[in-house]
Amino acid sequence: MAIEAVPAIGGDALVQKNRIQVSNTKKPLFFYINLAKRYMQQHDEVQLSALGMAITTVVTIAEILKNNGLATEKTVLISSVGVKDENKGRMIQKAKIEIVLVKSEKFDRLIAANNNKAADAAAADDNKQEQTAPAADEKKGHAVAN
């Protein structure tokens with residue numbers, strides 16, 4: 001399953017740009033978490049969808065976002081869908097889940113704080129590299145111009 005905008009349930013012509021179809025084999029867990037954060041920033045909510053074995057991944061993503069105070073649950077829909085088995089050529093039923101999460105009241109504040117921490121860490125790393133570069137040159141016997 002690839003991540004893409006897909007038509008809404010029921011064959012509606014509207015394209016949902018905030019829907020993530022999750023696979024438990026294609027991408028790492030935190031890819032989906034970061035994508036869900038970005039979708040909530042852009043659309044105020046995100047719809048996570050999965051079939052079969054990927055359902056546990058969707059539930060984990062939703063719980064991480066909720067436990068970190070970034071999202072609240074709007075709806076959870078469970079169903080089964082008919083999927084053609086590639087090996088046997090017959091239709092089989094697969095479990096399906098759709099979880100819609102909305103931004104929490106403190107979402108923007110938490111994201112801003114996280115971005116500030118990342119910027120501070122990057123600046124500290126740059127300063128550390130600048131301070132250690134002349135010392136490394138001196139150890140190698142190179143003259144350092146001040």
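The values are calculated or read from the model by the stated rules, or taken from the named source; none is laboratory data. Every value quoted in this text rests on a predicted model; they were computed, and no experiment measured them. Counting neighbours? That spans all protein chains shown, and the Cβs are built from the backbone with ideal geometry, glycine included. Side chains included, ligands, DNA and RNA excluded: accessible areas come from the protein's heavy atoms. Shrake-Rupley method; radii C 1.70, N 1.55, O 1.52, S 1.80 Å.
General remarks:
- Screening Met40 on (1) at negative phi; (2) open to solvent by 40 Å² or more (accessible area, probe 1.4 Å); (3) modelled with pLDDT of 90 or more shows it passes everything except condition (2).
- Which numbered condition Gly69 misses (of (1) at pLDDT below 90; (2) open to solvent by less than 50 Å² (accessible area, probe 1.4 Å); (3) in contact with a helix residue (DSSP H, G or I) (Cβ under 9 Å, 6 or more places away or on another chain); (4) farther than 23 Å from Asn24 by Cα): (1)
- Selected residue [under 25 Å from Lys17 (Cα atoms) and in contact with a helix residue (DSSP H, G or I) (Cβ under 6 Å, 6 or more places away or on another chain)] from Ala50, Ala112: Ala50
- Selection within segment 113-124 - at pLDDT 80 or above and open to solvent by 50 Å² or more (accessible area, probe 1.4 Å): Asn114, Asn115, Asn116
- Yes/no for Gly82 being at pLDDT below 95, within 19 Å of Ala50 (Cβ to Cβ) and exposed (fewer than 11 other Cβ atoms within 10 Å of the Cβ): yes
- Test: residue in segment 19-34 that is small (Gly, Ala, Ser) and modelled with pLDDT of 90 or more: no
- Qualifying residue in segment 88-98 (condition: open to solvent by less than 30 Å² (accessible area, probe 1.4 Å) and modelled with pLDDT of 95 or more): yes
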